[in-house]
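Participant: Supplied in structure tokens, the structure appears directly below.
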Amino acid sequence: EPLTVISDREMALARLGDRGEWMRVLLTNRLKGYVAAWYVQAEPGPAPETLLTVYPSEDMNVRERPTVRATRTGRPARNTPLTVHDDPERAQALVGRYDEWLYVETPEGQRGWVAAWYVSKTPTP
């Protein structure tokens, strides 16, 4: 049965499949409750035609969640190409903006969140 997650879309997507995480949901009969995130999967939707690639302006952290307090899961080097998994137009508007986050994938296939204020659309010289 389809569920509607009651939270920020990006936060919900980041929690999908994570053991120990719970998601607040709304059922089709309008009841609200919580489900284990490791039993939930996203409904497939159309993939963006072209994904945006961004480049760290310095060595930076990839994090589990979009906050500086989240666990660091990786540390790509300066100018490593990172593929943004979000609407390209929306992502472009966030690049370089303080207190914004982008959900990215490294060349090794690792996914997580990076601070949008430390990336650019082109490699830095």
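Participant: Can you tell me which residue is farthest from Glu58 (Cα to Cα) among those in the stretch 89-108 that are among the aliphatic types (A, V, I, L, M) and surrounded by fewer than 19 Cβ atoms within 10 Å (Cβ to Cβ)? Step through it out loud before you land on a result.
Facilitator: First, pick out the residues of the stretch 89-108 that are among the aliphatic types (A, V, I, L, M): 91, 93-95, 102, 104.
From the residues that got through so far, the ones that are surrounded by fewer than 19 Cβ atoms within 10 Å (Cβ to Cβ) too are 93-95.
Numbers: Ala93: 20, Leu94: 18, Val95: 14 Å.
In this case the residue turns out to be Ala93.
Results for (1) within 16 Å of Trp113 (Cβ to Cβ); (2) modelled with pLDDT under 95, shown as yes or no for each residue.
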| position | (1), (2) |
| --- | --- |
| Ser7 | yes, yes |
| Leu16 | yes, yes |
| Lys32 | no, yes |
| Gln41 | no, yes |
| Leu82 | yes, no |
| His85 | yes, yes |
| Pro88 | no, yes |
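Participant: Additional query: Looking only at residues in the stretch 1-41 that are in a strand (DSSP E or B) and of a type in the set (Val, Ile, Thr), which one is surrounded by the fewest Cβ atoms within 10 Å (Cβ to Cβ)?
Facilitator: Within the stretch 1-41, the first condition is being in a strand (DSSP E or B), and the residues that meet it are 4-5, 22-26, 32-36.
Adding the requirement that they be of a type in the set (Val, Ile, Thr) leaves 4-5, 25, 35.
Working: Thr4: 12, Val5: 19, Val25: 18, Val35: 14.
Here the residue is Thr4.
Participant: Failed condition for Arg111, given (1) surrounded by 18 or more Cβ atoms within 10 Å (Cβ to Cβ); (2) under 15 Å from the mean Cα position of the chain (by Cα); (3) not small (Gly, Ala, Ser), with all others met?
Facilitator: That leaves (1) as the condition not met.
Participant: Quick test for you: out of Asp59, Asp86, pick the one residue that is surrounded by 10 or more Cβ atoms within 10 Å (Cβ to Cβ), over 14 Å from the mean Cα position of the chain (by Cα) and either assigned to a loop (DSSP other than H, G, I, E, B) or of a type in the set (A, V, I, L, M) (or both).
Facilitator: On the way: Asp86 fails: over 14 Å from the mean Cα position of the chain (by Cα).
None of the other options fit; the residue is Asp59.
The values are calculated or read from the model by the stated rules, or taken from the named source; none is laboratory data. Predicted model, so just to flag it, every value in this text is computed and none were measured. Cβ: placed from backbone, ideal geometry, glycine included. Neighbour counts: every protein chain shown.
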